[in-house]
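For reference, the structure discussed in these notes is given below.
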Amino acid sequence: MAFLLLGLVLFLGAHSTRIVAEGWRARTIGSKGEKVYKGLYALISILGFALVIWGYGLARHSPVVLWNPPRGMNHLAALLMLFSFVLLVATYVPRNAIKAKLHHPMVLSVKVWALAHLIANGTLADVVLFGAFLVWAVLSFRAARQRDRAGNVQYAPGTAKGTGITVVVGLVLYAVFAMWLHGVLIGVRPFGG
């Protein structure tokens, strides 16, 4: 569990500077330069992510079961993940109505991902991992929306084409990940088989 916790502190800590230390972040970029800051940010994030994966993998070998979620929670999680993939794709497809309305779909994607996995899994490692990401996503979304309001940020309006591409690509990625990649990468097949 120690590696999981350390990884979360590093990964989420690096991703929380805009939530808790915006001034420090700006001063560091000003004094060290944006490339140096981004390089350090990337190194800390990669190290943290690797530790999260390793620590979670270790914790799965000797799980501390807190509860056994009802089977129906797996179905609800699968449905929520569909929305999570569409939100993730909305981050990158230009001029889609989802990004135009929500402004920060990637953070919302993480929030939905974390919630979906929290309701379908009941080990201590699951609660630590997905709970930490859920709390981070809530705080990150709130901070991002406050920055948008303070900066009077305007988002391009969505088009039917951009929104359609977002939904179709999101559904395809969801299907590929749920039916194949999740089993290959995570070792769990959401739909059995």
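We did not get these values from a lab; they are worked out from the coordinates using the rules stated. Note that the coordinates shown come from a computational prediction; the quantities given were computed from them, not determined experimentally. Positions of Cβ are backbone-derived with ideal geometry, glycine not excepted, and every protein chain shown enters the neighbour counts.
Phi-derived couplings, Karplus 6.51 cos²θ - 1.76 cosθ + 1.60 at θ = phi - 60°, listed residue by residue for segment 66-78: 8, 7, 10, x, x, 3, x, 5, 5, 5, 5, 4, 4 Hz, with x used for Gly and Pro.
The H on the amide N of Asn96, modeled in the peptide plane, is under 5 Å from the matching H of Thr159, each at least 5 residues off or on a different chain. First select every other residue whose beta carbon is under 14 angstrom from the beta carbon of Gly122; then total the charges, Lys and Arg +1, Asp and Glu -1. Here the count lands on +1. Arranged from fewest to most other beta-carbon atoms within 10 Å of their beta carbon, Lys99, Lys38 become Lys38, Lys99. Net charge in the neighbourhood of Lys32 (other residues with Cβ under 13 Å of its Cβ; Lys, Arg +1, Asp, Glu -1) is +3. Using C-alpha pairs under 8 Å with a sequence gap of at least 6, the mean separation divided by the residue count of segment 1-62 gives a relative contact order of 63 percent. Sorting 142-151, 121-130, 104-113 by average packing, meaning the other beta carbons within 10 Å per residue, from highest down gives 104-113, 121-130, 142-151. Net charge of the neighbourhood of Thr17, taken over other residues with C-beta under 14 Å away and scored Lys/Arg +1, Asp/Glu -1, is +4.
Tell me what the chain gives for mean residue ellipticity at 222 nm when only DSSP H runs of n ≥ 4 count, each as -39,500 (n - 2.57), the sum divided by the residue total, rounded to 500 deg cm²/dmol. Spell out each step's value before the answer.
Details: 10 runs with 147 residues, N = 193.
Taking each H run of at least 4 residues, the total per residue is -25000 deg cm²/dmol.
For Lys101, the lysines whose Cα falls under 25 Å of its own Cα, not counting residues fewer than eight places away in the same chain, are Lys111, Lys161.
Averaging the Cα positions of each part gives two centres, and for segment 126-167 and segment 62-100 these lie 14 Å apart. Taking all Cα pairs closer than 8 Å and separated by 6 or more residues, the relative contact order of the chain comes to 25 percent. Straight-distance candidates among the aspartates and glutamates for linking to Lys99, with alpha-carbon spacing under 17 Å and chain neighbours fewer than 8 residues away dropped: Asp148.
For a quick check: sort Trp136, Trp180 by the number of other beta carbons within 10 angstrom, fewest at the front.
Numbers: Trp136 21, Trp180 12.
The order, fewest Cβ neighbours first, is Trp180, Trp136.
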